[in-house]
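The values are calculated or read from the model by the stated rules, or taken from the named source; none is laboratory data. Keep in mind that what you see is a predicted model, and the values were worked out from it rather than measured. Here Cβ is always computed from backbone atoms with ideal geometry, including for glycine, and neighbour counts include all displayed protein chains.
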Amino acid sequence: MIFQRALRRELISTAGAVFTALFTISITWMLIKILGQAAGGKIASGDVVALIGFSAMRYLPNILILTSFISVLLVVTRSYQDSEMVVWFSSGLSLSQWIQPIVLCGLPIILLTGLLSFVGTPWAIRQSAVFEERFEKRDDISKIAPGKFMESAAANRIFFVEGISGDATKVQNIFVNTFQNGRTSLIVAKEGATEIDRQGNKFVVMQKGRRYDGAPDQPDFEVMEFERYGMFVADRSQSLIGDKSARALSVWALVKDQSGFNKGELLWRIASPVMCLLLMLLALPLGFVNPRAGRSVNLIVALLLYFTYYNMVSIFQEKVKQGHFSFGLSWWPVHMVAALIIVMLFFWRVQVNSRYHPLVLWARIKRLCLLKRKQTI
């Protein structure tokens, strides 16, 4: 039908606008957070773009769910406000006939949400953990930012360099303060470079410097000048472990290891595409507005139902993680309640003239009360 083709075009354009807005807000927030970590020396500056991409992939399922819900809600609400629904209903068609074009248009979003939830998000979490762990396992000299004091991983050494060469192996104007075995050692050098011995251990070799051992007011205070001085930095590189939490495991690993955390994570991954579908259907009856009135109440109710649905899924997930609920009796009740609410709202909007409609029943009750009042008078 022409109307259905127009509806699909409007849904696609609205979903694109909503997704762009939500994604831009999320990317901006993630950019500020990750740039702050890079400035604080917690991650490598060269990994910022990759970590932003991994973070975006982690939040994409939630963004897609919210995009599908808001886009359908806006399209239906606009149709009511512009009286297009009057034309639709006057043609002998009901609100339930919107289900097919809405589902067909939203099917790619549902499939993409499921793919990201089951495969994409765990992979992004693993890759993000590998990048962060790789930076943490770098030697202390490699993590130094020019012009900034940096504490070593063992918390017994403080580095400061004025500049680093392009290949990140040579540093200029070095300051190293070491506290070991109750004794303070201070080293200053004009330049230095990192070297690796045959066993894979890494050293920083400083040239043209001076070393101060002890405190100046103590008799064992020593001052030494050197042309070349090697300082141990790190042993041979260790293999990367990565994130081993339930969020980073594959579906097969979650099914294979039936722990509470794994069951809770599996419940959430199943819930994501189901929520996407049900919220799209829920937006159809919730989109009703009176063209002569505002739509504030309608949007508030829709958002309250969305957050209630989202939080209930999170609560059941936590209960499964803690072992209070079983997985088999927890993954479906919230979705079943949401489906029943959708059916009730569709009945409310479609069967307006039915004798069992709540408004018809309420009008009948009021008439009976009025008749009884007249009889008593």
**OP:** Considering each of ALA56, ALA39, ALA44 in turn, give the residue that is in contact with a Phe, Trp or Tyr (Cβ under 6 Å, 6 or more places away or on another chain) and surrounded by fewer than 20 Cβ atoms within 10 Å (Cβ to Cβ).
**Re:** ALA44
Original post:
Somewhere in the stretch 45-57, is a residue assigned to a helix (DSSP H, G or I), closer than 30 Å to GLY287 by Cα and under 18 Å from the mean Cα position of the chain (by Cα)?
Top reply: yes
Subject >> Unmet requirement for SER117, which otherwise passes all of (1) modelled with pLDDT under 90; (2) hydroxyl-bearing (Ser, Thr, Tyr); (3) within 30 Å of LEU254 (Cα to Cα) >> reply: (1)
Subject >> Sole residue being within 30 Å of LEU345 (Cβ to Cβ), without any contact (Cβ under 8 Å) to a residue 60 or more places away in the chain and assigned to a helix (DSSP H, G or I), chosen from GLY36, GLY16 >> reply: GLY16
Subject >> Positions within the stretch 57-83 being among the hydroxyl-bearing types (Ser, Thr, Tyr) and under 15 Å from LEU111 (Cα atoms), in sequence order >> reply: THR67, SER68
Original post:
Is it fair to say ILE43 is more than 23 Å from ILE300 (Cα to Cα) and touching a Cys at 6+ places or on another chain (Cβ under 6 Å)?
Top reply: no
Original post:
Being in the same structural domain as GLU191 (by TED's automatic domain parsing), at pLDDT 80 or above and basic (Lys, Arg), is that true of even one residue in the stretch 239-259?
Top reply: no
**OP:** Hey, can you tell me all the residues within the stretch 86-118 that are assigned to a helix (DSSP H, G or I), free of Cβ contacts under 8 Å to residues at least 12 places away in the same chain and either of a type in the set (A, V, I, L, M, F, W, C) or not assigned by TED's automatic domain parsing to the domain that holds ALA271 (or both)?
**Re:** VAL86, VAL87, PHE89, LEU107, LEU115
